[in-house]
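To start, the structure under review is shown below, and the notes come after it.
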């Protein structure tokens, strides 16, 4: 169970980092994006939610890219309130953690598919960790750009290496 516990811990770390970032972005700025090609915090959360639902639903038995997923719609800035954004945020993470809780060590070498590509369960989990870290990093950056005027580090502050 060591790998699964570790993976869950990594996911919890990114969930917390994303949550803190979202908390630092004003409701008005949740829909802000730097330019037409950039995603707002709202869009990032919608995309993560769609990805989480698709990838983790029936994780061991169906392809992680579900036919019902409307990926392109995830990139439309349609959420209107912080409550809507946070509701999707929590729903997405719930399915991740609920699914992880059902997996066992014996499942780790089982083959699952994402867009028809075979992965071991371990590889699929690693793929999702990397994907979520990428988007949480975007949320952190938006929070830095649009958040508080005095930035308070969410990890190790500069010049404080913790030796």
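Between residue 113 and residue 66, with labels modelled 7 Å along Cα→Cβ, what's the label distance in nm to one decimal, could you check?
The two pseudo-label positions are separated by 1.7 nm.
Would you mind telling me which residue in 47, 135, 119 has the biggest mean-square fluctuation in a Gaussian network model of the chain, where springs connect alpha carbons within a distance under 10 angstrom?
Result: 119 has the largest fluctuation of those listed.
Give me 75, 59 sorted ascending by neighbouring Cβ count inside 10 Å, so fewest comes first.
75, 59
Under 8 Å for C-alpha pairs, at least 6 residues apart: give me the relative contact order for the chain, rounded to a whole percent.
33 percent.
So how tilted is helix 2-24 from the main axis of the chain? Cα-based, degrees 0 to 90, rounded to 10.
Compared with the principal axis, the helix lies near 20 degrees.
Could you work out the helix-only [θ] at 222 nm for the chain, with each DSSP H run of four or more residues adding -39,500 (n - 2.57) and the total divided by the number of residues, to the nearest 500 deg cm²/dmol?
That calculation yields -18500 deg cm²/dmol at 222 nm.
Given labels modelled 7 Å from the Cα in the Cβ direction, how far is it in nm from residue 76 to residue 133?
Taking the two extended label points, one gets 3.3 nm.
Between the helical axis of 82-102 and the dominant principal axis of the chain, each derived from Cα atoms, what acute angle in degrees is found, rounded to the nearest 10?
Value to nearest ten degrees: 30.
For an R0 of 35 angstrom, estimate the FRET efficiency from the Cβ-Cβ distance between residue 31 and residue 98 and round to the nearest 0.05.
After rounding, the FRET efficiency stands at 0.75.
Where does helix 41-56 land angle-wise versus the long Cα axis of the chain, in degrees 0 to 90, nearest 10?
Around 10 degrees separate the two axes.
How far, in nm, would the chain grow between residue 87 and residue 105 when pulled straight, counting 0.36 nm per residue and subtracting the alpha carbon separation?
Gain on extension, residue 87 to residue 105, equals 3.4 nm.
Given that compact globular proteins tend to follow 2.2 N^0.38 Å, what is the ratio of the alpha-carbon Rg of the chain to that value?
1.09
In what sequence do 89, 32 fall when counting other Cβ within 10 Å, fewest first?
By the 10 Å Cβ count, ascending: 32, 89.
Here, each number is a calculation from the coordinates, and none is a lab measurement. For clarity, every value in this text was computed on a predicted model and none was experimentally measured. Here Cβ is always computed from backbone atoms with ideal geometry, including for glycine, and neighbour counts include all displayed protein chains.
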